[in-house]
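The block underneath contains the structure these notes are about, expressed in structure tokens.
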Amino acid sequence: MFRKSSLIVLSGAIFLNACEGMKVSNDDEIKTRREQKYRDMDKVFGDDAFTLGGDRNSSNKGEVGVGVNSFLWRAALDTISFIPLKSADPFGGIILTEWHTPSATPNERIKVDILIIDRQLRADGIKVSVFRQKRQGTEWVDQPVDTQTAIQLENVILTRARQLRIDSGK
């Protein structure tokens, strides 16, 4: 009986000793992959976008995550700052305004929708839609908007975005 249990213990010791040199677990690799995943999650949408918590190697700590070009995003918000916002989605690049009635024309109102399409600062990276309504009696009726209005607004946003980029030193 002593021999049988000794044999089992000896076999177990030999087996464990043989396994010692084998790499049974890849904890180091898993840890490295996990760390890389979280490191990659810090940088949300590429080099031209803001990062959550800031890039670890950057002086821009604490910036907010934006899924589109940050210069276009800020320029668009700056440009339409006189109109109340209805919705702003920095990850989808969509800015929607409420209806705004200029004091000079109390029987007309405008609404602006902006879509930022690209992470790069490019002329075709932004699309602006302008809507106009005129009061007729108690109802608001849609009115045509000159196509140049949206193009001019896009150009103002692009000019402001370029200036923001120059000011940032990038």
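The values are calculated or read from the model by the stated rules, or taken from the named source; none is laboratory data. If you're wondering where the values come from, they're calculated on a predicted model, not measured in any experiment. Don't worry about glycine lacking a Cβ; one is built from the backbone with ideal geometry, like all the others, and counts go over all protein chains shown.
Annotations for the structure displayed:
- Number of residues in region 69-100 that are touching a strand residue (DSSP E or B) at 6+ places or on another chain (Cβ under 7 Å) and hydroxyl-bearing (Ser, Thr, Tyr) equals 2.
- Here Arg109 passes the criteria (1) under 21 Å from the mean Cα position of the chain (by Cα); (2) part of a strand (DSSP E or B) except the one numbered (1).
- For region 127-149, the criterion of being assigned by TED's automatic domain parsing to the domain that holds Ala88, in contact with an Asp or Glu (Cβ under 6 Å, 6 or more places away or on another chain), at pLDDT below 95 and not β-branched (Val, Ile, Thr) is met by none of the residues.
- The test for being in the same structural domain as Ala161 (by TED's automatic domain parsing), in contact (Cβ under 8 Å) with a residue 12 or more places away in the chain and not in a strand (DSSP E or B) holds for Asp118.
- Test: residue in region 157-165 that is exposed (fewer than 14 other Cβ atoms within 10 Å of the Cβ) and of a type in the set (Lys, Arg): no
- Every residue from region 82-101 that is aliphatic (A, V, I, L, M) and either surrounded by 15 or more Cβ atoms within 10 Å (Cβ to Cβ) or touching an Asp or Glu at 6+ places or on another chain (Cβ under 6 Å) (or both): Ile83, Ala88, Ile95, Leu96
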